[in-house]
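Participant: Have a look at this one.
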Amino acid sequence: MMTWSTTDVPRLPIDHDGRPVRVHDTATGSLVPVGGGDGDGRARLYVCGITPYDATHLGHAATYVTFDVLQRAWRDAGLQVTYVQNVTDVDEPLLERAERDGIDWRELASREIGLFFEDMEALRVLPPDHYVGAVEGIPDDVSAVERLLAAGTAYRLAVPDGEPVAEGATGEDVYLDLATQPSFGAVSGWSRAEMMEVFADRGGDPDREGKRDPLDPLLWRSGRAGEPHWDGASLGQGRPGWHIECSTIAQRYLGAAFDVQGGGTDLVFPHHEMSAVQAAALCGDDCFARAYVHQAMVGLDGGKMSKSRGNLVLVSRLRASGVDPMAIRLALLSKRYRTEWEWTDQVLREAVERLELWRRASDMAAHDTVTEIGRSTVLRLRERLADDLDTPGALDAVDDWATTVAAGEPASGLVPRAVDALLGVQL
Ligand code: 5CA
Ligand code: ZN
């Protein structure tokens with residue numbers, strides 16, 4: 001699929017000290033060096049994309065800005081980044097919203113994807129190298145599910161009575177048999193009780209009769225009359241379950257193993273757990289991500305900002321009301337990715353003030369002047385980001401620099417360039 005337009009990333013004229021970026025890995029609960037895990041000078045990143053039934057809110061934006069900073073830190077360290085993002089362009093919530101609003105689900109998806117692109121461009125988020133739709137990935141899902149059935153790690157289950165099946169459908173859904181997968185649970189580390197508590201709310205179907213384990217994830221939904229469906233070869237007409245799209249897209253575009261799987265904490269279970277266990281069922285335990293990195297939920301008015309709850313601040317709406325996208329980006333960067341926080345006007349006001357302070361300092365900077373303070377500011381910026389993406393610490397470093405400039409220090413052009421390259425903020 002087409003993706004959004006990219007922006008230039010300036011190269012910094014001072015050498016990197018080779019320190020790897022370390023991030024918190026949900027699976028091991030520890031800080032781990034990430035990037036370059038294949039030893040070929042590349043860093044491979046997969047981030048779960050949007051389900052395009054509503055416009056980008058600040059929670060989504062926080063997630064994509066966080067992984068954008070990771071990509072920028074990797075690039076600065078000399079790694080070539082391969083970045084893959086999916087878009088869940090067919091799934092239950094999208095179909096339900098299209099039905100509610102009386103529009104075609106494809107039209108809704110393409111409208112929201114267009115808006116998302118505009119938001120990402122405005123926020124100067126670097127686009128993925130491969131932006132892949134769930135629909136586009138269906139042939140790979142089909143062959144993956146066929147392989148799992150052949151291996152005996154998946155099973156068929158008849159569609160419940162009273163649900164009319166579509167023409168060309170077999171009338172049998174397919175589930176993964178979790179009992180065959182010893183690695184299940186390795187990503188989240190959750191107990192069964194914890195898993196059961198959220199499974200139904202997060203797209204699972206624990207009450208479906210006949211499942212071997214209530215947590216078994218749906219791999220293939222046999223076509224139902226009135227729902228969109230695709231050719232599933234031996235699986236008949238139908239559509240893939242949610243998690244399989246990320247297992248197969250990541251494997252096709254990044255290979256069996258890759259550096260980081262990212263998304264918000266709401267995806268730890270079941271989505272990332274299931275994507276990983278499905279990949280393990282397909283290709284073995286060392287397949288899939290070496291580290292799982294999660295952005296904490298951004299809230300509003302005491303709850304998680306979410307499309308289903310409707311308590312949203314939309315990036316597009318803020319932009320339309322005249323807010324500088326660079327101030328939105330700075331507001332998001334002012335909070336560390338692993339800490340939950342709430343969006344307030346105050347967070348935005350502080351970002352607007354900070355942007356003004358930085359821009360005043362930048363306006364006084366001569367492009368090719370490299371001062372000692374400029375140099376040490378850049379080193380501090382790098383060091384903060386390599387330490388589990390400490391963006392508030394990185395912002396402090398630039399604040400200190402801007403304050404010295406305001407007090408009469410000569411301004412080094414190096415700092416605005418580093419702010420652009422590493423933080424993605426154009427001054
Ligand atoms: N399409 C699936 C992933 S395959 C999905 O979760 N789509 S989404 O539109 O619901 O979310 C897109 C991304 O934003 C996901 O990585 C999700 O974890 C993240 N996200 C959603 N809500 C928030 C929030 N309130 N704060 C931070 N990140 C969020
Ligand atoms: Zn995903």
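The values are calculated or read from the model by the stated rules, or taken from the named source; none is laboratory data. Note that the structure is a prediction, hence the values are computed from the model and not measured. Cβ: placed from backbone, ideal geometry, glycine included. Neighbour counts: every protein chain shown.
Participant: Quick one: in region 69-90, which of the residues that are touching a residue at least 60 places away in the same chain (Cβ under 8 Å) and part of a loop (DSSP other than H, G, I, E, B) is nearest to ligand 2 (Cβ to nearest atom)?
Facilitator: T88
Participant: Something else: Check whether at least one residue in region 64-86 is of a type in the set (S, T, Y), within 13 Å of the chain's Cα centre (by Cα) and within 19 Å of T391 (Cα to Cα), and report yes or no.
Facilitator: Among the residues of region 64-86, at least one is of a type in the set (S, T, Y), within 13 Å of the chain's Cα centre (by Cα) and within 19 Å of T391 (Cα to Cα), which makes the answer yes.
Participant: Of all residues in region 24-45, which are closer than 18 Å to G189 by Cα and in a strand (DSSP E or B)?
Facilitator: H24, D25, S30, L31, V32, listed by residue number.
Participant: Looking only at region 46-58, decide whether some residue is farther than 30 Å from W343 by Cα, in contact with a helix residue (DSSP H, G or I) (Cβ under 7 Å, 6 or more places away or on another chain) and more than 16 Å from ligand 2 (Cβ to nearest atom).
Facilitator: no
Participant: Here's a check for you: in region 268-281, which residue that is buried (at least 24 other Cβ atoms within 10 Å of the Cβ) and of a type in the set (A, V, I, L, M) is farthest from R336 (Cα to Cα)?
Facilitator: Result: A281.
Participant: Turning to a different aspect of this structure: Tell me which of these A279 doesn't satisfy, since it passes every other one: (1) of a type outside the set (F, W, Y); (2) assigned to a strand (DSSP E or B); (3) within 13 Å of ligand 2 (Cβ to nearest atom).
Facilitator: With (1) of a type outside the set (F, W, Y); (2) assigned to a strand (DSSP E or B); (3) within 13 Å of ligand 2 (Cβ to nearest atom) applied to A279, the lone miss is (2).
Participant: Could you tell me which of the residues A158, A154, A233, A166 is surrounded by fewer than 19 Cβ atoms within 10 Å (Cβ to Cβ), touching a helix residue (DSSP H, G or I) at 6+ places or on another chain (Cβ under 7 Å) and in contact (Cβ under 8 Å) with a residue 40 or more places away in the chain?
Facilitator: After applying the criteria, what remains is A233.
Participant: List every residue pair whose Cβ atoms sit under 6 Å apart, with the two residues 6 or more apart in sequence or on different chains, where the first one lies in region 297-326 and is more than 22 Å from A351 (Cα to Cα) and in contact (Cβ under 8 Å) with a residue 60 or more places away in the chain and the second, anywhere, is assigned to a loop (DSSP other than H, G, I, E, B) and away from ligand 2 (no atom under 16 Å from the Cβ).
Facilitator: From residues that are more than 22 Å from A351 (Cα to Cα) and in contact (Cβ under 8 Å) with a residue 60 or more places away in the chain, the pairs are K307/D54.
Participant: Which numbered condition trips up G210, out of (1) assigned to a loop (DSSP other than H, G, I, E, B); (2) surrounded by 22 or more Cβ atoms within 10 Å (Cβ to Cβ)?
Facilitator: With respect to (1) assigned to a loop (DSSP other than H, G, I, E, B); (2) surrounded by 22 or more Cβ atoms within 10 Å (Cβ to Cβ), G210 is out only on (2).
Participant: Is one or more of the residues making up region 48-68 surrounded by fewer than 24 Cβ atoms within 10 Å (Cβ to Cβ), at pLDDT 95 or above, more than 10 Å from ligand 1 (Cβ to nearest atom) and part of a loop (DSSP other than H, G, I, E, B)?
Facilitator: Among the residues of region 48-68, not one is surrounded by fewer than 24 Cβ atoms within 10 Å (Cβ to Cβ), at pLDDT 95 or above, more than 10 Å from ligand 1 (Cβ to nearest atom) and part of a loop (DSSP other than H, G, I, E, B), which makes the answer no.
Participant: Select from region 136-151 the residues that are surrounded by 17 or more Cβ atoms within 10 Å (Cβ to Cβ) and assigned to a loop (DSSP other than H, G, I, E, B) and list them in ascending order.
Facilitator: Listed by number, the list holds a single entry, G137.
Participant: Turning to a different aspect of this structure: Kindly evaluate D17 against the criterion of being farther than 18 Å from D259 by Cβ, acidic (D, E) and in contact with a helix residue (DSSP H, G or I) (Cβ under 8 Å, 6 or more places away or on another chain).
Facilitator: yes
Participant: Here's another thing I want to ask about it. State which residue is farthest from ligand 2 (Cβ to nearest atom) when the search covers only region 235-270 and only residues that are part of a loop (DSSP other than H, G, I, E, B) and out of contact with any Leu (no Cβ under 8 Å at 6 or more places or on another chain).
Facilitator: Q237
Participant: How many residues, within region 98-127, are farther than 30 Å from R329 by Cβ, of a type in the set (D, E, K, R) and not in a helix (DSSP H, G or I)?
Facilitator: 1
Participant: Give the residues of region 360-374 that are assigned to a helix (DSSP H, G or I) and loosely packed, with under 15 Cβ neighbours inside 10 Å, sorted by residue number.
Facilitator: Once the filter is applied, which keeps residues that are assigned to a helix (DSSP H, G or I) and loosely packed, with under 15 Cβ neighbours inside 10 Å, region 360-374 yields R360, D363, E372.
Participant: Condition check: more than 19 Å from the chain's Cα centre (by Cα), under 27 Å from W190 (Cα atoms) and either within 14 Å of ligand 2 (Cβ to nearest atom) or not basic (K, R) (or both). Does L215 satisfy that?
Facilitator: In short, yes.
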